[in-house]
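Written out below as structure tokens is the structure these notes cover.
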Amino acid sequence: MAFRGSNASSGMGVAEHSKTAYLGLQRKKLHRYVIFKIDEKKKEVVVEKTGGPAESYDDFTASLPENDCRYAIYDFDFVTSENCQKSKIFFIAWSPSVSRIRAKMLYATSKDRFRRELEGIHYEIQATDPTEMDLEVLRERAN
């Protein structure tokens, strides 16, 4: 059964504060991560949580719900084999296998439009369980 109507194809709108939070992470390093959720009543992607620059990857993953979908941006700092400090921005589409089918569909159909609003993302990860977005996965993609 397919969903009909403008929502299924165009996805959700993007709240202005979602763009502002992303720019704060990207340009000013105000956040280590930003977690976004879809507000179905407002029909837009809103900020659910931001993590300060000192927060760890474990803090980030602990902030994602175990049984519901989210979008997230993570600013990954690392040192290259040439000993250079680098930073790469990851877009993570979190869609745990135990989440509701409706939520998975909603997040899947809205992802591309939301991601287009956020310029400067280096990598995208789709994760259905924590092992698919392990810190090692980010490290491998970034190098």
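Hey, can you tell me all the residues within the stretch 107-119 that are open to solvent by 40 Å² or more (accessible area, probe 1.4 Å) and under 26 Å from Lys28 (Cα atoms)?
Within the stretch 107-119, Asp112, Arg113, Arg115, Arg116, Glu117, Glu119 meet the criteria.
Inspection of the stretch 31-44 finds no residue satisfying the criterion of being among the hydrophobic types (A, V, I, L, M, F, W, C) and not in a strand (DSSP E or B).
Within the stretch 51-67, how many residues are touching a helix residue (DSSP H, G or I) at 6+ places or on another chain (Cβ under 8 Å) and either surrounded by fewer than 18 Cβ atoms within 10 Å (Cβ to Cβ) or among the aromatic types (Phe, Trp, Tyr) (or both)? Lay out the reasoning, then the answer.
Within the stretch 51-67, the subset touching a helix residue (DSSP H, G or I) at 6+ places or on another chain (Cβ under 8 Å) is 51, 57, 61.
In the following step, the residues that additionally are either surrounded by fewer than 18 Cβ atoms within 10 Å (Cβ to Cβ) or among the aromatic types (Phe, Trp, Tyr) (or both) were identified as 57.
Of the residues in the stretch 51-67, 1 are touching a helix residue (DSSP H, G or I) at 6+ places or on another chain (Cβ under 8 Å) and either surrounded by fewer than 18 Cβ atoms within 10 Å (Cβ to Cβ) or among the aromatic types (Phe, Trp, Tyr) (or both).
Of all residues in the stretch 68-106 being closer than 16 Å to Glu132 by Cβ and over 11 Å from the mean Cα position of the chain (by Cα), which is most open to solvent (accessible area, probe 1.4 Å)? It would help to see each step written out before you state the result.
Of the residues in the stretch 68-106, the ones closer than 16 Å to Glu132 by Cβ are 69-72, 74, 76, 90-99, 104.
Next cut, over 11 Å from the mean Cα position of the chain (by Cα) only: 76, 96-99, 104.
Values: Phe76: 8, Pro96: 4, Ser97: 82, Val98: 107, Ser99: 8, Lys104: 63 Å².
So, considering only residues that are closer than 16 Å to Glu132 by Cβ and over 11 Å from the mean Cα position of the chain (by Cα), the one most open to solvent (accessible area, probe 1.4 Å) is Val98.
The values are calculated or read from the model by the stated rules, or taken from the named source; none is laboratory data. Owing to the predicted nature of the structure, the values given are computational and were not obtained by experimental measurement. Quick reminder, even Gly has a Cβ in these numbers, built from the backbone with ideal geometry, and neighbours come from all protein chains shown. Calculation scope for accessible area: heavy atoms of the full protein, side chains included, ligands and nucleic acids excluded. Shrake-Rupley method; radii C 1.70, N 1.55, O 1.52, S 1.80 Å.
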